[in-house]
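To keep things clear, I will list the structure first and then write my remarks on it.
What follows is calculated from the coordinates using simple rules that are stated; it is not laboratory data. It should be emphasised that the depicted structure is a prediction, and the values quoted were computed from it without experimental measurement. Note: ideal-geometry Cβ built from the backbone for every residue, glycine included; neighbour counts use all protein chains shown.
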Amino acid sequence: MLDSSEVSRLLDILGNRSRRRIIALLRQKPCFVTEISERLVLSPKAVIEHLQLMEREQLLVSYQDERRRKYYYLSHDINVIVSLQKQDGVTLPSIEENQRTRFARNLEVFRRMVRARDELLDNLEQLEREIESRFAEIMRMREGFVTDEGDIEIVLVLSHADLSLIELEEVSSLSTDELKQRLDNLVETGVVERINDRYRIRGTHGE
């Protein structure tokens, strides 16, 4: 049985939609960082931060395979049950008028903040649906530009940020030689470009 502080920490973790999506994915099977990034269309950096937080809270554990890829899986299954019970006959204590005014003001500010948060979450969910739809369209049109899963992994990582070769090695499951070869091919086909020591998605800005 969890104590109140442990319940509060768990609710804080589960309050983040991306972490809930990661947990749902890891319920299916262990995954490594770039695999989670690709499946959920999240930046590797964000995935790593979420995984490290959940690992510190002992919700996840990890192991490395022979290719030194770090796989994460759930240490415990998580089931949250919320019970709401109506309380009858509650008598409010007497409150001074200035306290009543401050209380009402705080309630109004709280209401506006909650509604603003809900609106942001609605917009975020809509944006995530649009991102997933655009990614599906890219996958349909990839022939001749992006050959296989290795190339897709690189494109997804660079979609989140421009990275150097060293930074790409840190978040990629590819070997250094394979990563260099694939980057050269993607540069040649015009999907990726290199600016100084960093790689980025070429897009229309390269035309």
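The ranking of LYS29, LYS70, LYS45 from fewest to most other beta carbons within 10 Å of each one's beta carbon is LYS29, LYS70, LYS45. Computed from the C-beta positions of GLU170 and GLU66 and an R0 of 25 Å, the FRET efficiency is 0.85 to the nearest 0.05. The residue list GLN52, SER8, VAL192 was ranked by how far each Cα lies along the charge dipole of the chain toward its positive end, using unit charges on Cβ atoms, and SER8 comes out on top. Compactness check for segment 113-201: Cα Rg over 2.2 N^0.38 Å is 1.33. For the pair LEU121 and ASP148, label points projected 7 Å from Cα toward Cβ lie 4.2 nm apart.
Full extension of the chain segment joining ARG105 with ASP162 gains 16.0 nm, where the gain is 0.36 nm per residue of separation less the Cα-Cα distance.
Run through segment 114-184 and list the GluC sites (Glu not before Pro) located in a DSSP loop whose Cβ has at most 16 other Cβ atoms within 10 Å. Qualifying residues, ordered by number: GLU143. For segment 149-206, the relative contact order comes to 39 percent (Cα pairs under 8 Å, sequence separation of at least 6).
Here is how the number arises for the chain: DSSP H runs of 4 or more residues each give -39500 (n - 2.57), the sum is divided by the residue count, and the result at 222 nm is -19000 deg cm²/dmol. Given R0 = 22 Å, the distance between the Cβ atoms of GLU178 and GLN58 translates into a calculated FRET efficiency of 0.05. Stretching ASN98 away from MET113 to a fully extended chain increases their span by 3.1 nm, per 0.36 nm per residue minus the current alpha-carbon distance. The label-point distance for VAL7 and ALA24, in a model that sets each label 7 Å from Cα toward Cβ, rounds to 2.5 nm. About its Cα centre, segment 97-141 has a charge dipole of approximately 360 debye under the convention of +1 per Lys or Arg Cβ and -1 per Asp or Glu Cβ, with nothing else charged. By the rule of a C-alpha distance below 18 Å, with chain neighbours fewer than 8 residues away ignored, the aspartates and glutamates paired with LYS45 are GLU35, GLU55, GLU128, GLU153, ASP162, GLU167, GLU169, GLU170. Basic side chains Lys and Arg get +1 at the Cβ, acidic Asp and Glu get -1 at the Cβ, and with that the dipole of the chain about its Cα centre reaches some 760 debye. The calculated pair-distance distribution of the chain uses every alpha carbon pair, bins of 10 angstrom beginning at 0, and gives 7, 24, 27, 19, 11, 7, 4, 1 percent.
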